Each structure stands twice: as C-alpha cells, then as structure tokens.
Amino acid sequence: NAGVTQTPKFRVLKTGQSMTLLCAQDMNHEYMYWYRQDPGMGLRLIHYSVGEGTTAKGEVPDGYNVSRLKKQNFLLGLESAAPSQTSVYFCASSSGPAVTEAFFGQGTRLTVV
Amino acid sequence: GENVEQHPSTLSVQEGDSAVIKCTYSDSASNYFPWYKQELGKGPQLIIDIRSNVGEKKDQRIAVTLNKTAKHFSLHITETQPEDSAVYFCAASRSGGGADGLTFGKGTHLIIQP
C-alpha cells in the first residue's frame, strides 16, 4: 500500500522557471492538502481540496496554483519560481475534514537559485 | 485565524527519562489536537490525537492532556528510547467551516541521550 506518493523528491530550479509537483494517494481520500516546511516555521498550509474539482486557499497561497482534476491526484504549480519558495513541500490526504488523521507523503525538497 | 505556540524548540533527555512538550492555541473553537512525529527525511506521522470532549488520552508510553479552559495541551513520553529521537509537532484544527487543514506549532527536536 503506497499511501501518499510525491514526485519528484528533489528539484533545483532557476528563478523564473516553472514546475509542477505531483501528489498521488491510493486511499480514496476526499481531502488533500499541500504544506510547506521551512526551518523553525513548522508546516504551513498552501492550498487544499475537499474533493475532485475543488480547490481552496490556505495560509500561504501566493505564488502557487493547484488543480484536482482526479480524486487521487493533487498538483501544485509554481508559475515563476522565486528564491523565497525554496522549501520542503509535503502533500497530505485525509478521509474527512481537518479533524481526521492526515497521511503525509515523503516530501519534495525544492531549491530555487 | 488559529495560532499554535510550541515549547521547547529543543529537548534533550536521558534514555529512560520522561519528556514533556507543551502547546497553546488561540482559537477557542478548535476541537481536534493531533501530535505528529517526523523522522529525518520523512513526512510527519500521526502518533496520537485528542478531541475537545476528552481531557486525557494514553497509548502505551505516550499520553496527551488537554486543558480547554487554558487552551493548552501537552505530549508526555515516558521511558524514552533512542527511537523516540525525532521532531514532534503539535497541531490544532476545528470542524465545520470547511476543511481548513491543520495549524502546526513550530516543532520540538527531541534528543534522547544514551
């Protein structure tokens, strides 16, 4: 059982480049989330989805876009990467709202130079 | 929005001793308080959670207590072992109003000294 899988695991971007991070879950979860983790900052919510075709902004959405075209996938896009977006990105999913257990992926370490 | 404060940022204890990590939250409507453990290079993993209608919950060597009046909750680990070394995060969330995700504390690096 794979759980939550993130692709890629590592990436280096130049300022201004674009990229998409892919999150896939095989638990048939309705809810999916993207967080970023910075040293000394904990995890902060970027965007989330409560079901296929829906997305909503979290605490730090600026500079990111998301899409949930399929229930099992949640994509995070950076249209024009900035050094401030250097971070470790985690995807998570849960069967219900935020008051149920969230399962996290292994993370994507992104460096923007 | 919700704000979660976590202390200490680093905690070093001798193997076999107990460890306590404390968190406070600001939103009185929060009603779910999970604790996550993150090992190096991995994603956070839920170790225990508590809901606002419960004051204490225990699972083997791990326990969590909640004081709703003070908006305070704590993680207690007894008889610590080397495999307990990790970063621990507390979090808070509320039901209703949409799935706004979890608000995390900044984490505690727990070091178990042999």
| said: Within 10 Å of each candidate Cβ there may be at most 13 other Cβ atoms; applying that plus a DSSP loop requirement, which trypsin sites (Lys or Arg not before Pro) in the range A:5-40 survive? | reply: A:LYS9, A:LYS14
| task | Report, in whole Å, the centroid distance computed from the Cα atoms of the range A:42-113 and the range B:5-65. | result | 23
| said: Using a Cα-Cα cut-off of under 12 Å, which aspartates and glutamates could be cross-linked to A:LYS57, ignoring same-chain neighbours fewer than 8 residues away? | reply: B:ASP100
| query | When B:LYS106, A:LYS71 are ordered from fewest to most other Cβ atoms inside 10 Å of their Cβ, what list results? | reply | A:LYS71, B:LYS106
| task | Excluding B:LYS37 itself, calculate the net charge of residues whose Cβ lies under 14 Å from the Cβ of B:LYS37, where each Lys or Arg counts +1 and each Asp or Glu counts -1. | result | -4
| said: Using a 7 Å offset from the Cα along the Cα-to-Cβ direction at both A:ALA56 and A:THR86, what is the distance between the two label points in nm, to one decimal? | reply: 3.4
| query | At each listed q (0.17, 0.18 Å⁻¹), what is the log10 of I(q)/I(0) that the Debye formula gives for the protein assembly as shown modelled as equal alpha-carbon point scatterers? | reply | -1.22, -1.32
| said: Please compute, for peptide A:48-59, the average count of beta-carbon atoms on other protein chains lying within 10 Å of each residue's beta-carbon. | reply: 2
| task | Based on other C-beta atoms within 10 Å, arrange B:PHE33, A:PHE10 from fewest to most. | result | A:PHE10, B:PHE33
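Ranked by Cβ crowding within 10 angstrom, fewest neighbours first, how are A:MET19, A:MET27 ordered? Let's see the in-between values first.
Values: A:MET19 16, A:MET27 13.
Lowest to highest Cβ neighbour count: A:MET27, A:MET19.
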| query | How about B:LYS57: which aspartates and glutamates have a C-alpha closer than 12 Å to its C-alpha, ignoring those fewer than 8 places off in the same chain? | reply | B:ASP49
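None of the figures in this text is laboratory data; all of them are computed from the coordinates on show. Note that the coordinates shown come from a computational prediction; the quantities given were computed from them, not determined experimentally. Counting neighbours? That spans all protein chains shown, and the Cβs are built from the backbone with ideal geometry, glycine included.
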